[in-house]
Amino acid sequence: MIMRCDIITLFPDMVLPVLGQSMLKRAREKGLLEVIVYDLRDYTRDRHRVVDDTPYGGGAGMVIKAEPVLCAIDALRGESGEGGHASLRILIPSPQGRPFTHQLAEELQRDPRRLVFICGHYEGFDERVPLGLNAEEVSIGDYVLTNGELPALVMLDAAVRLIPGVLGDPDSAQQDSFVDATLDCPHYTRPPEVRGMVVPDVLLSGNHEAIRRWRRKEALRSTSVKRPELLQDRLLSEEDRRLLEEIVHEKTNRPSVLCVEEE
Ligand code: ADE
């Protein structure tokens with residue numbers, strides 16, 4: 001199934017080059033992704049193509065006007081080739097939004113609707129944009145960026161790489177961090193020694209089961225050291241529980257999340 005996506009932006013030149021590189025380029029070339037970029041200024045009606053205005057009630061910053069955004073959505077519905085009835089999932093990148101996670105990336109990848117990202121700037125949109133469009137606000141983290149283009153591209157990239165056939169090796173998306181709520185394990189490539197640092201023997205052993213177990217253990221070690229909260233309140237498989245116990249008893253990189261009693 002092809003993923004269809006629209007990006008409404010004040011900065012098409014910020015978005016277009018990213019769509020022409022790496023995974024997003026590959027997905028488009030393979031016919032698995034279609035992206036249309038709309039310049040919000042094309043949907044203004046005044047000579048100066050003004051998209052923003054001062055906030056009612058006073059205060060700092062400028063607010064993006066509702067009308068150009070609503071017109072852009074009307075135009076997009078008209079162009080979608082289904083008599084304006086194509087169903088849209090409208091997303092507004094915003095620090096006030098619901099947190100973007102791997103689960104939401106999966107949800108976007110599976111969603112049959114057109115994904116429409118409306119990228120804001122300044123102090124955000126007139127509230128009648130999200131209200132009138134029943135849009136979802138989504139945040140990529142607890143910090144404030146200058147505008148919504150980078151967050152929209154982050155979300156699109158995270159979703160697109162999950163489309164079957166986009167990644168060269170179908171297993172790589174499956175092995176990524178967060179797929180099963182753990183971080184990825186460490187990776188090594190040639191040569192076997194770099195400035196005195198060597199590749200763990202097991203990876204050179206050719207023993208597939210030992211390698212699988214080592215990778216799982218190191219993923220759990222990395223998670224317990226770097227992001228212990230990911231393991232909290234999680235149901236662990238019998239193997240994961242045993243591997244975590246081994247990690248605790250190794251005493252190095254002792255995970256802070258575990259409270260397994262010492263012998
Ligand atoms: N726009 C500005 N900051 C943002 C953030 N953290 N996430 C999503 N959109 C944003």
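The values are calculated or read from the model by the stated rules, or taken from the named source; none is laboratory data. None of the values given here were measured: they were computed from a predicted structure. Positions of Cβ are backbone-derived with ideal geometry, glycine not excepted, and every protein chain shown enters the neighbour counts. Protein only, heavy atoms only, side chains kept; ligands, DNA and RNA dropped before computing areas. Shrake-Rupley method; radii C 1.70, N 1.55, O 1.52, S 1.80 Å.
So the values come out like this:
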read-out	value
Among (1) more than 16 Å from the ligand (Cβ to nearest atom); (2) touching a strand residue (DSSP E or B) at 6+ places or on another chain (Cβ under 8 Å); (3) within 22 Å of ARG45 (Cα to Cα); (4) free of Cβ contacts under 8 Å to residues at least 60 places away in the same chain, the one test that GLY78 misses	(2)
Matching entry among PRO68, PRO130, PRO99, PRO93 (being within 11 Å of the ligand (Cβ to nearest atom) and either open to solvent by less than 20 Å² (accessible area, probe 1.4 Å) or at pLDDT below 95 (or both))	PRO93
Qualifying residue in region 11-34 (condition: among the hydrophobic types (A, V, I, L, M, F, W, C) and modelled with pLDDT under 95)	no
Given (1) more than 16 Å from the ligand (Cβ to nearest atom); (2) more than 19 Å from the chain's Cα centre (by Cα); (3) at pLDDT below 95, number of the condition ALA173 does not satisfy	(2)
Members of region 137-170 that are open to solvent by 50 Å² or more (accessible area, probe 1.4 Å) and in a strand (DSSP E or B)	GLU137
Boolean, GLY120 is part of a loop (DSSP other than H, G, I, E, B) and crowded, with 19+ Cβ neighbours inside 10 Å	yes
Counted residues, region 105-139 - those being in contact with a Lys or Arg (Cβ under 8 Å, 6 or more places away or on another chain) and under 19 Å from ASP53 (Cβ atoms)	1
Test for GLU137: is it at pLDDT 95 or above, within 15 Å of the ligand (Cβ to nearest atom) and out of contact with any Phe, Trp or Tyr (no Cβ under 9 Å at 6 or more places or on another chain)	yes
